[in-house]
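Colleague: Pasting in a structure now, in structure tokens, and then I'll have a few things to ask.
The values are calculated or read from the model by the stated rules, or taken from the named source; none is laboratory data. What you see is a predicted model, and the numbers here were worked out from it, not measured in a lab. Cβ placement follows ideal geometry from the backbone for every residue including glycine, while neighbour counts extend to all protein chains displayed. For accessibility, only protein heavy atoms count, side chains too; no ligands or nucleic acids. Shrake-Rupley method; radii C 1.70, N 1.55, O 1.52, S 1.80 Å.
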Amino acid sequence: MNDWLQDLEELERQGLRRSLRLVDGGQGPKVQVNGREVLLLCSNNYLGIAGHSALVEKMVEATRRYGAGAGASRLVSGTMPPHVALEERIAEFKGTRAAVLFNSGYAANTGIIQGLFGPEDVIFSDELNHASIIDGCRLSRARTVVYPHRDVAALAELMEHERAMRKGRWLVVTDGVFSMDGDLAPLAELCELKEQHDALLMVDDAHGTGVLGRTGRGSGEYCNCLDRIDLHMGTLGKALGCAGAYLAAESVVIDTLINRSRPLIFSTCLPPGVPAAALAAIDLVDSEEGRVLRERLEFNRNYLTKALLSGGLDLLGSTTQIIPVLTGEPATTMRITSRLLEDGIFLQGIRPPTVAPGRCRLRATVMAGHDPLDLEMAAQRIIAAYREETE
């Protein structure tokens, strides 16, 4: 126990200790934190539909019919009509033969990579990929080759170097939208490269699904290569406003995971109300209302980005609704975060190990429902807090 206490004290000394904040109310543009109303700028509820009546009604309806819990894993007695209906809808949404649900994005990435790849295989992974992808690579025991962030030329050289030693499958895996930088993977170029080398491409589109592309199919649609991606991973708990995750792919891939993916096999599956609500969310994305929400989100993204750039802040090249503000060191970052919360702006400071040392940042996220006037106010307060702490 004393060792753990010492570890916590050391994290505190370095400005790296984390704690939980209680948020009261739904994930809307404004919430209650510590008994005060604040502007919420750190939610992944990008389209603002987590509390949408269509989702809530479908969740309540399915819960009344099937119960609050699934009762077992998918391979025992936990597979119910809402799970199957959602998987069929996701496959249609992503343009694949089949799909399978997971309980979370973390479970999906670890379970997909562990379930499909092994010691004879090679995985090429972007250096800024999500922690769940990194852990999935480790669990697979495949040889993992990390390539510089978004550097297709460097990846090509690494793949050429590996070719003479090739034994098994090759996988290129990348975030579609990088969760801490807000930039996009060069998916069209990655498709060209994986096709040249007879590799598979897996895209974690947690932050692109429902948001990017003309119809909200995600980063693959945005980059005009949706049908060339082999493994479409995404989450239901961000723009789709629910919980859980999925993989959409060919039927043989999904069947393999049903037989080999440990998080899928050994977990009680999602409560039936969750896939029922997620099905309503996808239908909403496909509707005229969904199109309008994506347009509002893009307007708000552009509005806040311009306002922050006008103050001379470094946004790390973000082109999406994830807008980081580079702050540098942990102590500075957390002082700015605390100051902003006092000023009615709730966003999070991001520190190592989530990001590299010296690359701490504020991670702001916008939603379709944010009022531009509130975003203008937030930008001015962020700029003022940043200057006060760094100049």
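Colleague: Residue by residue through the range 342-363, note down the ones that are surrounded by fewer than 17 Cβ atoms within 10 Å (Cβ to Cβ) and of a type in the set (A, V, I, L, M).
Modeller: 356
Colleague: Just to be sure I understand, how many residues within the range 98-119 are closer than 13 Å to residue 262 by Cβ, of a type in the set (A, V, I, L, M) and open to solvent by 10 Å² or more (accessible area, probe 1.4 Å)?
Modeller: 2
Colleague: How do the helices (runs of 4 or more DSSP H) wholly within the range 237-333 filter down when requiring 2 or more residues that are open to solvent by 20 Å² or more (accessible area, probe 1.4 Å) and out of contact with any strand residue (DSSP E or B) (no Cβ under 9 Å at 6 or more places or on another chain): which remain? Please lay out each step first, then the result.
Modeller: On the way: elements: 251-260, 262-265, 273-285, 288-309.
In the range 237-333, 251-260, 273-285, 288-309 are the helices (runs of 4 or more DSSP H) which contain 2 or more residues that are open to solvent by 20 Å² or more (accessible area, probe 1.4 Å) and out of contact with any strand residue (DSSP E or B) (no Cβ under 9 Å at 6 or more places or on another chain).
Colleague: May I pose another question? Quickly run through the range 73-97 and pick out the residues that are among the small types (Gly, Ala, Ser) and buried (at least 20 other Cβ atoms within 10 Å of the Cβ). Can you show your working first?
Modeller: Filtering the range 73-97 for residues among the small types (Gly, Ala, Ser) gives 73, 77-78, 85, 91, 95.
Selection gives 91 alone.
Colleague: Would you check which residues across the range 146-165 are in contact (Cβ under 8 Å) with a residue 24 or more places away in the chain, part of a helix (DSSP H, G or I) and in contact with a Pro (Cβ under 6 Å, 6 or more places away or on another chain) and list them?
Modeller: Correct list: 152 only.
A quick yes/no check of all residues on (1) at negative phi; (2) of a type in the set (A, V, I, L, M); (3) touching a helix residue (DSSP H, G or I) at 6+ places or on another chain (Cβ under 6 Å):
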| site | (1), (2), (3) |
| --- | --- |
| 113 | yes, yes, yes |
| 123 | yes, yes, yes |
| 127 | yes, no, no |
| 131 | yes, yes, no |
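Colleague: On to the next question. Using beta carbons and a limit of 7 Å, which pairs, at least six apart or on different chains, have the first residue in the range 3-24 and within 23 Å of residue 42 (Cα to Cα) and the second one part of a strand (DSSP E or B)?
Modeller: Pairs that qualify, where the first residue is within 23 Å of residue 42 (Cα to Cα) and the partner is part of a strand (DSSP E or B), are 21/33; 23/31; 23/33; 24/31; 24/32.
Colleague: Being closer than 24 Å to residue 109 by Cα and of a type in the set (Lys, Arg) is the requirement here; does residue 262 meet it? Spell out the reasoning first.
Modeller: Working: closer than 24 Å to residue 109 by Cα: yes; of a type in the set (Lys, Arg): yes.
Taking the combined requirement at face value, the residue satisfies it.
Here's the yes/no breakdown for (1) outside any loop (DSSP other than H, G, I, E, B); (2) without any contact (Cβ under 8 Å) to a residue 24 or more places away in the chain; (3) more than 17 Å from residue 318 (Cα to Cα); (4) of a type in the set (S, T, N, Q):
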site: 349; (1), (2), (3), (4): yes, yes, no, no
site: 353; (1), (2), (3), (4): no, yes, yes, no
site: 363; (1), (2), (3), (4): yes, no, no, no
site: 370; (1), (2), (3), (4): no, no, yes, no
site: 374; (1), (2), (3), (4): yes, no, yes, no
site: 379; (1), (2), (3), (4): yes, no, no, no
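Colleague: If only one of 98, 62, 85 is among the hydrophobic types (A, V, I, L, M, F, W, C), within 30 Å of residue 166 (Cβ to Cβ) and in contact with a helix residue (DSSP H, G or I) (Cβ under 9 Å, 6 or more places away or on another chain), which one is it? Steps first, please.
Modeller: Working: 62 fails: within 30 Å of residue 166 (Cβ to Cβ); 85 fails: within 30 Å of residue 166 (Cβ to Cβ).
From the options 98, 62, 85, the qualifying one is 98.
Colleague: Quick one: in the range 1-54, of everything that is under 23 Å from residue 329 (Cα atoms) and of a type in the set (A, V, I, L, M), which residue is farthest from the chain's Cα centre (by Cα)?
Modeller: 8
Colleague: Take residues that are touching an Asp or Glu at 6+ places or on another chain (Cβ under 9 Å) and not aromatic (Phe, Trp, Tyr) and tell me which of the helices (runs of 4 or more DSSP H) falling wholly in the range 44-139 contain 3 or more.
Modeller: Output list reads 105-116.
Colleague: Please determine whether any residue of the range 123-141 is in contact with a Leu (Cβ under 9 Å, 6 or more places away or on another chain) and open to solvent by 10 Å² or more (accessible area, probe 1.4 Å).
Modeller: No, the range 123-141 contains no residue that is in contact with a Leu (Cβ under 9 Å, 6 or more places away or on another chain) and open to solvent by 10 Å² or more (accessible area, probe 1.4 Å).
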